[in-house]
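Visitor: Dropping a structure here in structure tokens format, bear with me for questions.
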Amino acid sequence: MSGCSVIPLTLPQRDGGARRIRFIHLGSTIPLYLGADLLSKTDVRTENHPRHHAKFAKKGLATKITFSSAFRFHGLKVPSANNSLWFYSIQGLFRVAFELYSKQDQLAVLENFQDVWKAQISDSPLEVSYSLSVQLDPSGSLSQRDSQSKGVISQPPYCQADKDVVDVSSMDTADTSADHDYCSLPKQSLQSEQREVVISTVRQKLHRLDEQFSSEPRSCSEQLETVLLLLENIDRYINGRLEEKDATEIVLALLKAKDWGPVYSSSLLTCIGRWLGQQFHAANSSISQKVEGFKLQHIERISDLPPAEELATELFPEAMRTLLLHWMGLSEDFSLEKRRSEYPILLLILEFANHNLITGVAHVLYSSLICR
């Protein structure tokens, strides 16, 4: 490899709680995590790291990757004699965490890497070592070679390791002629890895769903309509065609799917209530503008306002009125007289909840409450 240009690389990294964990990919889909980062901030002394790596390698959880001398790693001290680094599979990462980390750090690993673990659960054990051979051809592009094949590929490279391929396309091929922000590209690489994990998980879930329908068609019959509705709208969402009425159908179907528990302890109702409250609060400024405009128009006859139902309809969003009407048990089935008799109360609630007082009753009540 003498005479070949050096390729400086920066490994992308993921958050592992108390430590940042750098990684590469094997075969472009299997993430491998840098052993030095996994054993950092543990009781294992640095000089004992190789022994621990070898122990995990015997179990297929770690591997020693010897890189071509064309590569130099930014921020890493790599022995120039062999230019090799130890990497762990996701299973190895979890084994290290539960053997060597504190409970808090174990929890951080669980939270940050459980999706990767689920997606890679069927991965085969790693070989004890991989040897990579990469060279630069005269045109400046990277070529890969082993004992069987030789082919030219463009930067960023894939490195041939026997029959497997280590993907270094997520690494930053640094330009030594200028300063670089080494945080920018690793962030993109992290997003790319997360996307691959999500896609893999989606495929697994769809495959599992297909198997379930094939093996237990009758037991799923009651849920089929809801499942079909969800799948149809997933397709609309992916293709950018999901509309508000579609989202309405999805939400209603899920709400009606089963009884969700008593009102005092329903997390679903709590979540919906919080979301509605946030949406209504965000609309406060536009409601205030409407109310102020109404007051200016009726300044001469403020004591002779339209009926409460007309005021509520003109000044407040339909969603607010619908919520309160059904909350108060005043559905469309009730007589017009009954609804009219209750509407002044509904209007008062809307005035107070939106901090926009209109009627004389609201002003009097507000003053009496504030003065106490």
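Visitor: Ranked from highest to lowest mean number of other Cβ atoms within 10 Å per residue, what is the order of the peptides 304-316, 284-296, 347-359?
Guide: Top of the packing list down: 347-359, 304-316, 284-296.
Visitor: Related question: Using a Förster distance of 30 Å, how high is the FRET efficiency between residue 366 and residue 269, based on the Cβ-Cβ distance and rounded to 0.05?
Guide: 0.55
Visitor: Cα-based Rg of the range 269-371 per 2.2 N^0.38 Å, rounded to two decimals?
Guide: Normalised by 2.2 N^0.38 Å, the Cα Rg of the range 269-371 equals 1.11.
Visitor: Beyond 25 Å between alpha-carbons counts as too far, so tell me which of 41/64; 205/258; 118/245; 41/103; 64/103 fall in that bin.
Guide: 118/245; 64/103
Visitor: Please sort 96-102, 230-236 by packing, taking for each peptide the average over its residues of neighbouring beta carbons within 10 angstrom, highest first.
Guide: Sorting 96-102, 230-236 by mean packing, highest first, produces 96-102, 230-236.
Visitor: Report the trypsin sites (Lys or Arg not before Pro) located in the range 13-109 that are in a DSSP loop and have at most 11 other Cβ atoms inside 10 Å of their Cβ, or state none.
Guide: 45, 77
We did not get these values from a lab; they are worked out from the coordinates using the rules stated. All figures in this text were calculated on a predicted structure; none of them were measured in a lab. So basically every Cβ, Gly included, is an ideal-geometry build from the backbone, and we count neighbours across all protein chains shown.
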